[in-house]
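*Asks:* Just dropping this structure here.
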Amino acid sequence: MLRISKLTDYGIVLLVHFARETKGATLNAREMALATELPLPVVSKMLKSLSSAALLASQRGSRGGYQLERNPAEISVAEIIEALEGPIALMDCVAGPGHCDQEGHCSLRTPWQRINRAVQTTLREVTLADLAMDAGPGSRPSPTFALA
């Protein structure tokens, strides 16, 4: 089974929550933890990571917090995963030259590269706006996103 990490899952949950808020809404870690029912330390860590990845903008001060850096329709699921986990590579051989000891004589490298490109293409086609819309009006996104 292919899975993204739990922290990336939580990062996506947080971003979906931002995407469902009023455009330009600024939310702090405590508000996000309450809204998503995720532990505050995890939320704080993920908000910093998402800010470092330029997916969220941070504002300091008494009315500070975080807000989406761009329109949710401009942020792909692939971009989120890559920001939090690194390049999307299903197998070592598709991560680039020198990552697999068998790459010089493996007959499966080309098919795995084709499969990896298909997965990447699909993840680039799905946006944060799509995830927010699929959650449905009034629903709270839950941390269950996984590739299976």
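*Asks:* Which residue, of Glu21, Glu31, is over 21 Å from Asp130 (Cα atoms) and not aliphatic (A, V, I, L, M)?
*Replies:* Details: Glu21 fails: over 21 Å from Asp130 (Cα atoms).
Matching residue, one of Glu21, Glu31: Glu31.
*Asks:* Listed residues Ile4, Ile88, Ile75; which is of a type in the set (Val, Ile, Thr) and modelled with pLDDT of 95 or more? Before the answer, list the steps.
*Replies:* Working: Ile4 fails: modelled with pLDDT of 95 or more; Ile88 fails: modelled with pLDDT of 95 or more.
Being of a type in the set (Val, Ile, Thr) and modelled with pLDDT of 95 or more holds for just one of Ile4, Ile88, Ile75, which is Ile75.
*Asks:* Got at least one residue in the stretch 17-29 being of a type in the set (Val, Ile, Thr) and either part of a helix (DSSP H, G or I) or within 17 Å of the chain's Cα centre (by Cα) (or both)?
*Replies:* Step one: of the stretch 17-29, the residues of a type in the set (Val, Ile, Thr) are 22, 26.
Next cut, either part of a helix (DSSP H, G or I) or within 17 Å of the chain's Cα centre (by Cα) (or both) only: none.
Among the residues of the stretch 17-29, not one is of a type in the set (Val, Ile, Thr) and either part of a helix (DSSP H, G or I) or within 17 Å of the chain's Cα centre (by Cα) (or both), which makes the answer no.
Residue-by-condition table, conditions (1) of a type in the set (A, V, I, L, M, F, W, C); (2) closer than 21 Å to Thr127 by Cα; (3) in contact with a Phe, Trp or Tyr (Cβ under 8 Å, 6 or more places away or on another chain):
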site: Ile12; (1), (2), (3): yes, yes, yes
site: Ala19; (1), (2), (3): yes, yes, no
site: Gly24; (1), (2), (3): no, yes, no
site: Ala33; (1), (2), (3): yes, no, no
site: Glu37; (1), (2), (3): no, no, no
site: Gly61; (1), (2), (3): no, no, no
site: Ala73; (1), (2), (3): yes, yes, no
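*Asks:* While we're here: So Ala73 passes all but one of these: (1) without any contact (Cβ under 8 Å) to a residue 24 or more places away in the chain; (2) assigned to a helix (DSSP H, G or I). Which condition number does it fail?
*Replies:* (1)
*Asks:* Filter the stretch 99-125 down to residues that are surrounded by fewer than 14 Cβ atoms within 10 Å (Cβ to Cβ), within 27 Å of the chain's Cα centre (by Cα) and part of a loop (DSSP other than H, G, I, E, B), then give me how many there are.
*Replies:* Here the count works out to 1.
*Asks:* Suppose we keep only residues that are surrounded by 12 or more Cβ atoms within 10 Å (Cβ to Cβ) and free of Cβ contacts under 8 Å to residues at least 12 places away in the same chain within the stretch 88-98. Which one would you say is farthest from the chain's Cα centre (by Cα)? Give the derivation first.
*Replies:* In the first step, residues of the stretch 88-98 are kept if they are surrounded by 12 or more Cβ atoms within 10 Å (Cβ to Cβ); the result is 88-95.
Now narrow it down to the ones that are free of Cβ contacts under 8 Å to residues at least 12 places away in the same chain: 92, 95.
Working: Asp92: 21, Ala95: 19 Å.
Among them, the one singled out is Asp92.
*Asks:* Considering only the stretch 31-52, state which residues are part of a helix (DSSP H, G or I) and without any contact (Cβ under 8 Å) to a residue 12 or more places away in the chain.
*Replies:* Here is the first cut: in the stretch 31-52, the ones part of a helix (DSSP H, G or I) are 31-36, 40-52.
Answer for the stretch 31-52, where residues must be part of a helix (DSSP H, G or I) and without any contact (Cβ under 8 Å) to a residue 12 or more places away in the chain: Ala33, Leu34, Leu40, Pro41, Lys48, Ser52.
The values are calculated or read from the model by the stated rules, or taken from the named source; none is laboratory data. Not measured: the values here are computed from a predicted model. Heads up, the Cβs are rebuilt from the backbone with ideal geometry, glycines too, and the neighbour counts pull from every protein chain shown.
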